[in-house]
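The values are calculated or read from the model by the stated rules, or taken from the named source; none is laboratory data. Keep in mind that what you see is a predicted model, and the values were worked out from it rather than measured. Cβ atoms come from the backbone with ideal geometry, glycine included; neighbour counts cover every protein chain shown. With ligands, DNA and RNA removed, areas are computed over all heavy atoms of the protein, side chains included. Shrake-Rupley method; radii C 1.70, N 1.55, O 1.52, S 1.80 Å.
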Amino acid sequence: QVQLVESGGGLVQAGGSLRLSCATSGRTFSVYAMAWFRQAPGKEREFVAVVGWSDSDTYYSDSVKGRFTISRDNAKNTIYLQMNSLKPEDTAVYYCAARWGSVLTTKKDGYNYWGQGTQVTVSS
């Protein structure tokens, strides 16, 4: 069983930055691929970014590529999402997700474990 707890959300002005964290339980953190998804009001949950077993194995949605950076610290059982140049359309609840293995997927059905989410609001 894996438990995920997100933190770091908040209110920021357009153009600003935030860093989200996702702390996980369990001794086998390093063998999980980890991802961030987000869900805006009235919209489907969408993929944001994923990281494999190392920071060199990442993939981003086109909407955040070049602005967001996903990373992981296996010693701390934690992943991060550095969000720069934030836009009002980035406003959403951001969720951390985990799946066993090294395969990276953008599909939410491919993830076994989810956090409770953290709210990010970007004002114009």
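Could you tell me how many of the residues in the stretch 3-27 are open to solvent by less than 60 Å² (accessible area, probe 1.4 Å), in a strand (DSSP E or B) and closer than 15 Å to Lys87 by Cβ?
2
For the stretch 38-89, list the strands (runs of 3 or more DSSP E) that sit wholly inside it and hold at least 2 residues that are over 16 Å from Val120 (Cβ atoms); which are they?
Of the strands (runs of 3 or more DSSP E) lying wholly inside the stretch 38-89, those with at least 2 residues that are over 16 Å from Val120 (Cβ atoms) span 46-51, 58-60, 68-73.
Applying the selection to the stretch 90-124, what residues are open to solvent by 30 Å² or more (accessible area, probe 1.4 Å), in a strand (DSSP E or B) and either without any contact (Cβ under 8 Å) to a residue 40 or more places away in the chain or of a type in the set (Gly, Ala, Ser) (or both)?
Result: Ser123, single match.
Name the pairs: first residue in the stretch 16-32 and on the phi > 0 side of the Ramachandran plot, second residue part of a loop (DSSP other than H, G, I, E, B), Cβ to Cβ under 9 Å, at least 6 apart or on different chains?
Once the first residue is on the phi > 0 side of the Ramachandran plot and sits in the stretch 16-32, its partners that are part of a loop (DSSP other than H, G, I, E, B) give Gly26/Gln1; Gly26/Val2; Gly26/Gln3; Gly26/Asn77.
Please determine, by comparing only the residues of the stretch 28-79 that are closer than 16 Å to Tyr113 by Cβ and charged (D, E, K, R), which one is most open to solvent (accessible area, probe 1.4 Å).
Only one residue fits best here, namely Arg45.
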